[in-house]
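Accompanying notes for the structure given below.
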């Protein structure tokens, strides 16, 4: 039996929203995200119930993994605040939050590689750089199908990204090879 693909989920800008949506985003068919303001470890966060509902839907097709500087704190706070599953694994980022491996690399790539190994994966985040796209393209060609899905931090995970992820998960049982965003 085939394993579900991994869905690596960032929190800030995906579930915890911030900023103002750009004008073009206000004209989409998605309604503004529903959610509520919470203080978590002294920091205010607007947590999107809309994004949480989309993650619940995606969990039928993906194995969810927290890919955030929140690390284990995600499981301490998000399940009871948003009704998300508890006990989800998380990446260990070894205190590298905000740091980069090199001038052109992304600070999460080492941890993602170590965790995912040869498994197919999608990664949803609000902040990809060129190194992420190059990594995903190389990984798709040589290791396993890999999809990057970027969110707008003021909207987070919407139906648009959810449809993209579900279509990818259903594509030929493994996702479309050669497609990295």
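Residues considered: 47, 37. Of these, the only one that is modelled with pLDDT of 85 or more and in contact with a helix residue (DSSP H, G or I) (Cβ under 9 Å, 6 or more places away or on another chain) is 47. Do we have any residue at all in the range 159-178 that's at pLDDT below 95, over 18 Å from residue 4 (Cβ atoms) and crowded, with 17+ Cβ neighbours inside 10 Å? Looking through the range 159-178, none of the residues is at pLDDT below 95, over 18 Å from residue 4 (Cβ atoms) and crowded, with 17+ Cβ neighbours inside 10 Å. Restricting attention to the range 91-112, the residues being at pLDDT 90 or above, touching a helix residue (DSSP H, G or I) at 6+ places or on another chain (Cβ under 8 Å) and under 19 Å from residue 148 (Cβ atoms) number 2. Looking at 82, 78, 64, just one residue is over 15 Å from the mean Cα position of the chain (by Cα) and closer than 21 Å to residue 35 by Cβ, and that residue is 82. In the range 126-149, the residue that is surrounded by the most Cβ atoms within 10 Å (Cβ to Cβ) out of those that are under 22 Å from residue 4 (Cβ atoms) and within 11 Å of the chain's Cα centre (by Cα) is 147. For residues that are assigned to a strand (DSSP E or B) and at positive phi, tally how many sit in the range 47-71. Total satisfying the criteria: 0.
The values are calculated or read from the model by the stated rules, or taken from the named source; none is laboratory data. Computed from a predicted structure; not experimentally measured. Glycine also receives a Cβ, built like all others from the backbone with ideal geometry; neighbour counts cover every protein chain displayed.
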